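A.B. asks: There's a structure below that I have some questions on.
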Amino acid sequence: MEIGSTVTLAYKGTLDDGTEFGYATAEKPMVFQTGMDMVIEGFEEEILKMNEVGEKKTFTIDEYKAYGEYLDDFTQKVPMEQVPRGDVKVGQRIWMASSEDGQPMPVTVLAVENGIVEFDLNHPLAGHHLTYEVEILDIEEPPENFVSAAEKARHMKEQSKLLGGMQGDDFR
């Protein structure tokens, strides 16, 4: 399969203990364009190795090509009066604005005590190996002159340097 192809697939995702964390069916399939950072790295790598409609494959992705390792200290304590929803409960997932860019991100409530709420900022699947059972339902060839997200980022970085913009390696 070529980078830039649009893929339609059905899948079932499970953890090592057999817990199902996600699925897509033939009636409600997953559709994405490869090369556009629309899915996790390890998933896309395996899908790109598949080439035919009807092809089935089972594969496991380690945490580093999925949602990363679980970081015990990736938590944040917030006074209850600063939590928009004052009725939060341990284990609940809520959306919270990031202090860095203001973008909302899902967090899990770890503890609520003495007027302080502790949030887990890790992705719920961080630290897990993910096993997928996949069936390709359709493949559309990439559009002519397709430019991947990675190629676009490299181009924008080069253009910024030429125009006197940011010089850092992390500019995207």
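A.B. asks: To the nearest 10 degrees, how steeply does helix 149-162 sit against the main Cα axis of the chain, on a 0 to 90 scale?
C.D. replies: The angle comes out near 80 degrees.
A.B. asks: Now a separate question. Relative contact order of the stretch 1-94, please, whole-number percent, based on alpha carbon pairs below 8 angstrom and at least 6 residues apart. Intermediate results must be reported in sequence, preceding the final value.
C.D. replies: On the way: 77 pairs, mean separation 20.5, N = 94.
Contact order relative to length: 22 percent.
A.B. asks: Please compute one quarter of the surface area of the Cα convex hull for the chain and express it in square nanometres.
C.D. replies: On the way: hull surface 53.8 nm².
So the Cα hull casts an average projection of 13.4 nm².
A.B. asks: Could you tell me what percent of the accessible area of the chain is made up of carbon and sulfur, with a 1.4 Å probe and every protein chain present? Let's see the in-between values first.
C.D. replies: Working: 5460 of 11130 Å².
Carbon plus sulfur share of accessible area: 49 percent.
A.B. asks: About its Cα centre, what dipole magnitude does the chain give when the only charges are +1 on Lys and Arg Cβ and -1 on Asp and Glu Cβ, stated in debye to the nearest 20?
C.D. replies: Details: 15 positive and 34 negative charges, 92 e Å.
Once rounded to the nearest 20, the dipole reads 440 debye.
A.B. asks: Next question, about the same structure. I want to check a number: in the stretch 1-143, how many lysine pairs have alpha carbons closer than 21 Å, given a sequence separation of 8 or more or different chains?
C.D. replies: Number of lysine pairs found: 12.
A.B. asks: Kirkwood Rh over Cα pairs of the stretch 42-101 into Stokes-Einstein at 10 °C, 1.306 mPa s: D in µm²/s? Show your work: numbers first, answer last.
C.D. replies: Numbers: Rh = 15.9 Å.
Rounded, D is 100 µm²/s.
A.B. asks: Taking DSSP loops as anything outside H, G, I, E and B, show the longest stretch in the chain free of GluC sites (Glu not before Pro) there with at most 10 other beta carbons within 10 Å. Could you put the intermediate results ahead of the total?
C.D. replies: Working: sites that count: Glu27, Glu52, Glu100, Glu144.
Longest run free of exposed loop sites: 53-99.
A.B. asks: OK, next. So for the stretch 3-113, taking the charge dipole from beta-carbon charges (+1 Lys/Arg, -1 Asp/Glu), which of Gly35, Gly102, Gly13 sits furthest toward the positive end?
C.D. replies: Working it through, the farthest residue towards the positive pole turns out to be Gly13.
A.B. asks: While we're here: Counting pairs of alpha carbon atoms under 8 Å apart in space and at least six apart in sequence, what relative contact order in percent does the chain give?
C.D. replies: On the way: 295 pairs, mean separation 54.6, N = 172.
Relative contact order for the chain comes out at 32 percent.
A.B. asks: Further question on the same structure: Tell me what the chain gives for mean residue ellipticity at 222 nm when only DSSP H runs of n ≥ 4 count, each as -39,500 (n - 2.57), the sum divided by the residue total, rounded to 500 deg cm²/dmol.
C.D. replies: Numbers: 2 runs with 22 residues, N = 172.
It comes out at -4000 deg cm²/dmol, rounded to the nearest 500.
The values are calculated or read from the model by the stated rules, or taken from the named source; none is laboratory data. Here the structure is a predicted model, which is why all the values come from computation and not from measurement. Glycine gets a Cβ as well: all are built from the backbone with ideal geometry, and neighbour counts include every protein chain shown. For accessibility, only protein heavy atoms count, side chains too; no ligands or nucleic acids. Shrake-Rupley method; radii C 1.70, N 1.55, O 1.52, S 1.80 Å.
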